[in-house]
Amino acid sequence: MPRDFTKRKRTILGGIVCLVAADLALAVYSSQLASGPLTPGPQISMQETRLKTLQGSVARAQGIREDMPNTQRDCEKFEAMLLPASSGYSSVISELGELARKSGVTLQDDSFKPTPIQARGLTEVSIESTIEGDYKNVILFLNGLQRSANIYTVESLTLASQNALKGPANVIKVGLHLKTYFRTSA
């Protein structure tokens, strides 16, 4: 029995020696990794490129922040140019009628759909109308809208149906969808 205990003791001691040797080998390997460069060359260049991109983004954001008072003044100036809601509808009807008269088109079926924009103190007004005239006059009307002192956004133009028996051959009928904005607050 004492011999059997010695054999076990040697086996356990051999296992401990193997574990200590493996631990020493791992410690040497770890120290070699720690003493080498942290990242290889391509990773460093990628990180430098990313850093430059982020610095550019930060610089643009700071520029926007610094320019914010000017932007705010421009927005307020733009909103002051808009017609007040109290007289806006009649001004728009009058201006569209005058543009139609000057360009030689017929303006029909005006309809207005207001949508309040509470956060800005504005009202968005969708205008549906039909204009009728020859191609040149329709273009003159659209050009007049573009040059108007009031703000108009032409959302869509559609060729409206027209009876073949009605009117001259060179007359077209165009469905017009516009948007404009009115100030609702002082």
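Mind grabbing the base-10 log of I(q)/I(0) for region 1-123 at q = 0.10, 0.12, 0.14 Å⁻¹? Debye formula, identical points on the C-alpha positions, no solvent, two decimal places. Each listed q corresponds, in turn, to -0.74, -0.85, -0.93.
Checking a compactness column here: for region 31-76, what do you get for Rg(Cα) / (2.2 N^0.38 Å), N being the number of residues? Before the final figure, lay out each step's value.
On the way: Rg = 19.7 Å, N = 46, 2.2 N^0.38 = 9.4 Å.
So region 31-76 has a normalised radius of gyration of 2.09.
By accessible area of protein heavy atoms, probe 1.4 Å, what ranking do Glu48, Glu124 get, highest first? Write out the running numbers ahead of the final one.
Numbers: Glu48 100, Glu124 35 Å².
Accessible-area ranking of Glu48, Glu124, largest first: Glu48, Glu124.
Farthest toward the positive end of the dipole of the chain, out of Ala25, Gln146, Leu99, is the Cα of Ala25, where the dipole comes from beta carbon charges about the Cα centre.
Rounded to the nearest whole Å², what accessible area per residue is found for the chain with the 1.4 Å probe?
Details: 13840 Å² over 186 residues.
That works out to 74 Å² for each residue.
Rounded to the nearest 10 degrees, the angle from helix 41-81 to the longest Cα principal axis of the chain is 30 degrees.
Quantify, in whole percent, the carbon and sulfur part of the accessible surface of region 1-119 (1.4 Å probe; protein heavy atoms only).
Values: 6230 of 9940 Å².
Using a 1.4 Å probe with all protein chains present, region 1-119 comes out at 63 percent carbon and sulfur.
Computed over the alpha-carbon atoms, region 39-186 gives an Rg to Rh ratio of 1.26, Rh here being the Kirkwood radius from the mean inverse distance. Between the Cα long axis of helix 2-35 and the first principal axis of the chain there is an angle of about 40°, rounded to the nearest 10.
Ordering Phe141, Phe112 from largest to smallest accessible area (1.4 angstrom probe), what's the sequence? Before the final figure, lay out each step's value.
Values: Phe141 0, Phe112 60 Å².
Largest accessible area first, the residues go Phe112, Phe141.
Dipole magnitude for region 68-186: computed about the Cα centre from +1 point charges on Lys and Arg Cβ and -1 point charges on Asp and Glu Cβ, it is near 140 debye. Computed from Cα positions, the angle between helix 85-103 and the longest principal axis of the chain comes to roughly 70 degrees. Only one residue of Ala85, Val125, Leu54 has its Cα farthest out toward the positive end of the dipole of the chain, where Lys and Arg carry +1 and Asp and Glu -1 on Cβ, and that residue is Leu54.
Heavy-atom accessible area, probed at 1.4 angstrom with all protein chains present, ranks Val138, Val58 as Val58, Val138, highest first.
Report the Stokes-Einstein translational diffusion coefficient (µm² s⁻¹, integer) for region 77-123, Rh taken as the Kirkwood radius over Cα pairs, at 20 °C with viscosity 1.002 mPa s.
Details: Rh = 12.5 Å.
For the chosen part, D equals 172 µm²/s.
The values are calculated or read from the model by the stated rules, or taken from the named source; none is laboratory data. For clarity, every value in this text was computed on a predicted model and none was experimentally measured. So basically every Cβ, Gly included, is an ideal-geometry build from the backbone, and we count neighbours across all protein chains shown. In case anyone asks, the SASA skips ligands and DNA or RNA and just uses the protein heavy atoms, side chains included. Shrake-Rupley method; radii C 1.70, N 1.55, O 1.52, S 1.80 Å.
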